[in-house]
Every structure is written in C-alpha cells, then in structure tokens.
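For reference, the structure discussed in these notes is given below.
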Amino acid sequence: MSPTTVIRGARHWRTGEPIDLAFERGVILDAVPARADVVVEARGAVLSPGLVDLHVHLREPGQGSRETIETGTRAAAAGGFTAVACMPNTDPVVDDIAWVEWVGTRARAVGRCRVHPIAAATVGQRGERLTDFLALRQAGAVALSDDGRPIVSAAVMRHALEYAGHAALPIVCHEEDLTLRGEGHMNEGATATRLGIRAIPAAAESVMVRRDVELAALTGGRVHFAHLSCAASFDALRDGKRRGLEVTGETCPHYWMLSDEAVATFGTDAKMNPPLRCESDRLATIEAIADGTIDCLVTDHAPHTADDKRQPFEMAPFGIVGLETALALTLTGLVRPGHVALARALELWTEAPRRVFGLPEVRLAAGSPADLVLIDPDAEWTVDPAVFYSKGRSTPFAGTTVTGRVLATFCDGEITHLDPVVGLTRVEAPAAAVAAAR
Ligand SMILES: [Zn+2]
C-alpha cells in the first residue's frame, strides 16, 4: 500500500498563508486525512513546488568520473530540485533516439529527480547536419541544443529554427562567437590584464544573441538563450521580446553574485563559460531578472574532477557546480537585498522554467504531482564543497555564508532529500504505523 504523507504547519510559497498538505501515490490529495503514515513537521518552513533546472550537465553517458546521473540528481534533490534538463554534450553526444532513451531509462533507475533530456541540434554537435528533431521529441527530448558550443553557421541555425518549429521544440543557444573568443579564458578587462590571462570580450556573446534574435524573426522559431551574462545580451533579448518574437532567456547565480575580479581570488573555481563579467554586467544581470527580461534561472551545473580544475588557469576546463547552492545564492543575492520578492524568486525556479520548456505544471493543489520542496528562507549556513553530493567540488562560493536552506525535497511523492544538518524537519511514523511495521 502506498504510504500517505502529510506535511504539517508549512507556509504557502506565494501567499505566506499557513498550509497543511497530504499526498499519496505521488499525487496531492484534496484534504488532509486524519491518519497518515509519514508526518513532516514543517514548523513554519516555506512549501513550494519543486525547483526545476533547465541547464545541468550530468556528464553521462561517458564522463562518469566528473558526475553521473545518480550523483547529479542526488545533488539536485539536495538543492530542492525535482526536475532537471540535462545537456547533450557528453561522450558520446546525445544526438540520437537511442541515447535520449538511455538517459531517460537510466534516470528512472537511479535518479533522485525527474530528468528531461535535451538532445543535440546537430549530429555530433558539429554544427553541420541537423539531428532528427521529430524522432528525438518522440523519444523524450524537451529541447535541442549544441550547448558547450555555438551553432556557428547562421544558415544551419536558420534551418534548425524552421525544423524545430515543426517539432514544437525550443533551440537552446550557447551564444559565443568563436573568432572573438579566440584563445580567451576569462572576461576582457582590467583584471585579465593584471593577471596576464588571455581574455574574451562580452561582445563574443552578445553579437550571437543579436544574430539569433534576427533569425527568430526570420523563421518564427523558438529560441531560448542559455546562460546570458552581460548587459548587451540582455538588451538584445529585451529587443526581441519587444518585437513579439519567440525568445526567452536564462541566467545563473554566479553572474549576479560575482564579477570577474573573483578570478583573482578563486582562480579556476571562478572559471566558467561564459566568464564572470565586469561589475556593470553583474548589475545588469540583476536588473534583467528584476524587470522580467530573464525568464528563468538555471545553474549551468558543470562538474569536473579536482585534478582537471587544479591545473593552471588557462589549462583548466570551464565550469563550476551549482545545484546545491542555487537556492541559497538566490535568496542571498536577490531576495535579501530586495531585488525580487521571495515568491517571485521561487517562481523563477519553479513555474517559469516549466513554462519555458512546456513541462507539466506543479501546484499546491489536489491532483497535482507531489513534487515539492520545504525551505527555511532564513537559515544561515556556510558552503562546504566537501559535503556536496555532486562529484564536482569546484565553486567560488566555498566558505561563503549564505541564507536559505532546503529542508526537504519530495519528488513524485517520495522523500528525495532530508536536511542532515539543520534538523528542523522531523519525519515520524505515528504509533499505529510503527506497531504495524513490527
Ligand atoms: Zn553553455
């Protein structure tokens, strides 16, 4: 028999009103029953639909030394996520239905959250021949992307957008002009000059965003801009929206938390692509979130081995982890300073990403999937990568004291994470259930 779980004494994420909620067989019930098998005492914690991250690198197939579907989704659950969309730049590239299905099957076997595969837009992510969008969608792909690389050819991008329209899938664009990027490894500016590191101008990103806004206009196709990081890119996206085009965009916590000066302090733990930008771009990121230009927040969780990140700056790979710090960095960097309200911040991690990719809705209402997270928005803690569930440990936030903690995560009615440190959440089986179990 499926257990009945009750969450008691929570606060509704949007209204702040007290809420009790029960679920059974993965579905929220219309009333809280008198008897339950599991009772979670929320003690005033905020109850929200589970978070969704549209941009993670789970590294499987083929790169299990960096992360696996098992460890990546465990980290996701610890971060309050009940669904992630994973990028196809693995080894091999997820560019056919067999690999899309493999990711889905593997995730159902070992995953701690729902996993929605993103398939490559071109064969081998080589930017030449389009993959079979309709078949990939049938196999479970929710979007198409050559993430990790741009689609260099405007003609290929045009055809991709036309074809994706027929498949009703968005193209997720990693925007980077490779000729402008050159051999750069961090943002162009005073810090790069001082450190003697070859640099990438912000325009390497924004010129491609401009191009693809125009191609969205030409084709009527649906473009979702990945990990936007600079003022000029936000302006291009704003412009596309003003023109009524099918364009959406995302950004990541590190772009509102840090500027490129962090590279001087944190070295390769502050090396990601796009790179941390200058202070005015950081402020523009906050503005683009606050004014609704940015549609949703993502982590771009990109784990690497410690050995890889320990190399000299220009040798080390781009990418940091993000799943286990995302919510806290949102509360610390956006909500506490008053840039956005708590409910809006949570919307940017819950309803908004579900809308962008057309994923099933989750509401705190009868009949909805029991994909939920309990949050203490005021709990302070210090980031310690040594206790991450992710295999990746590289983050510039190690040792940073942050506010906001995930107490418990429930996916499809299962408890997928219970905070081991704070201990505010108690799961108890009532006496009757304990007796029955004996
Ligand atoms: Zn990317």
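Please treat every number below as a calculation from the coordinates, not as lab data. Keep in mind that what you see is a predicted model, and the values were worked out from it rather than measured. We place every Cβ from the backbone using ideal geometry, glycine too, and count neighbours over all the protein chains shown.
So, with +1 on the Cβ of K and R and -1 on the Cβ of D and E, and no other charges, what is the size of the charge dipole of the chain about its Cα centre, to the nearest 20 debye? Don't skip to the end; give the middle numbers.
Values: 43 positive and 56 negative charges, 89 e Å.
Rounded to the nearest 20 debye, it is 420 debye.
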(Q) Give me the one-decimal Kirkwood hydrodynamic radius in Å for the stretch 165-209, with the sum taken over alpha-carbon pairs. (A) 11.9
Q | Neighbour-count order for Cys278, Cys252, fewest beta carbons within 10 angstrom listed first | A | Cys278, Cys252
Q) Hey, in the GNM for the chain with a 10 angstrom Cα cutoff, which one of Val142, Val94, Val156 fluctuates hardest? A) Val156
Q) Using only the Cα atoms of the stretch 132-243, what do you get for the radius of gyration and for Dmax, in Å? A) 15.5, 51
**Q.** Cα lying deepest toward the dipole's positive end in the chain, options Ala262, Phe234, Phe23, charges on Cβ
**A.** Phe23
Q | Calculated on alpha-carbon atoms, Rg and Dmax of the chain in Å | A | 21.3, 69
(Q) How big is the stretch 139-184 along each principal axis, measuring the range of its Cα positions in Å and listing the largest first? (A) 37, 21, 11
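Work the Kirkwood hydrodynamic radius out for the stretch 198-263: mean of 1/r over every pair of different alpha-carbon atoms, inverted, in Å.
Numbers: mean 1/r = 0.0800 Å⁻¹.
Value: 12.5 Å, from the Cα pair sum.
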Q.
Using the crude model of +1 on Lys and Arg Cβ and -1 on Asp and Glu Cβ, and no other charge, please compute the dipole size for the stretch 250-391 relative to its Cα centre, in debye to 20.
A. 180
(Q) I'm checking a number: the convex hull volume of the Cα atoms of the stretch 1-110, normalised per residue, in Å³. What is it? (A) 136
Q | Placed amide H near Ser368: partners under 5 Å, 5+ positions off or other chain | A | Ile28
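When a footprinting reagent is the concern and you count Cβ atoms within 10 Å, what order do Glu17, Glu188 take, fewest first? Before the final figure, lay out the partial values.
Working: Glu17 8, Glu188 21.
Least crowded to most crowded, the residues run Glu17, Glu188.
Let me check against my output: what whole-number percent is the relative contact order of the chain, with C-alpha pairs under 8 Å and at least 6 apart? Spell out each step's value before the answer.
Details: 1063 pairs, mean separation 87.6, N = 438.
After rounding, I find 20 percent.
For the ranges 29-36, 284-291, 114-121, what's the packing order if you count other beta-carbon atoms within 10 Å of each residue, average per peptide, and put the highest first?
Working: 29-36: 12.2, 284-291: 19.6, 114-121: 25.4.
Listed from highest to lowest mean packing, they are 114-121, 284-291, 29-36.
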(Q) I need two numbers for the stretch 283-425: Rg to one decimal and Dmax as a whole number, Cα atoms only, in Å. (A) 16.4, 54
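Short version: what are the Cα gyration tensor semi-axes of the stretch 68-201, square root of 5 times each eigenvalue, largest first, in whole Å? The partial results should precede the final answer.
On the way: eigenvalues 168, 100, 25 Å².
Those come to 29, 22, 11 Å.
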**Q.** Relative contact order (%) - the stretch 21-110, alpha-carbon pairs under 8 angstrom, separation at least six
**A.** 26
**Q.** P(r), alpha carbons of the stretch 258-319 - 10 Å bins starting at zero, rounded %
**A.** 20, 44, 27, 9, 0
Q) Residue by residue through the stretch 33-47, which ³J(HN,Hα) values in whole Hz follow from phi under the Karplus form 6.51 cos²θ - 1.76 cosθ + 1.60 (θ = phi - 60°), with glycine and proline marked x? A) x, 5, 10, 9, 7, 10, 10, 9, 7, 7, 6, x, 5, 7, 9
Q: Quick one: give the max-minus-min coordinate of the C-alpha atoms of the stretch 120-198 along each principal axis, largest first, in Å.
A: 51, 23, 19
Q | Positive dipole terminus of the chain, leading residue within Gly220, Thr395, Gln311 (C-beta point charges) | A | Thr395
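In whole percent, what relative contact order does the stretch 95-231 give with Cα contacts below 8 Å and a gap of six or more residues?
Working: 238 pairs, mean separation 28.0, N = 137.
It comes to 20 percent, rounded to a whole number.
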**Q.** Helix-derived mean residue ellipticity, 222 nm - over the chain, DSSP H n ≥ 4, -39500 (n - 2.57), to 500
**A.** -8500 deg cm²/dmol
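With a 10 Å radius around each residue's Cβ, average the other Cβ atoms per peptide and rank 318-327, 201-210, highest first. Can you show the working numbers first?
On the way: 318-327: 26.0, 201-210: 22.1.
With the highest mean Cβ count within 10 Å placed first, the list reads 318-327, 201-210.
At 18 angstrom or more along the helix axis (alpha-carbon based) and mean Kyte-Doolittle of -1.0 or higher, what helices does the chain contain? Whole DSSP H runs only.
Span-like helices in the chain: 97-110, 154-167, 203-219.
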**Q.** Charged-residue dipole, Cβ positions (Lys, Arg, Asp, Glu), the stretch 69-158 about Cα centre, Debye nearest 20
**A.** 260
**Q.** Reachable lysines, given that their alpha-carbon falls under 20 Å from the alpha-carbon of Lys271 and they are not under 8 places away in the same chain
**A.** Lys309, Lys391
Q: Work out the P(r) tail for the stretch 198-324: percent of alpha carbon pairs separated by more than 24 Å, whole number.
A: 30
**Q.** Pairwise label distance in nanometres, Glu314 with Thr265, each label 7 Å out on the Cα-Cβ vector
**A.** 2.6
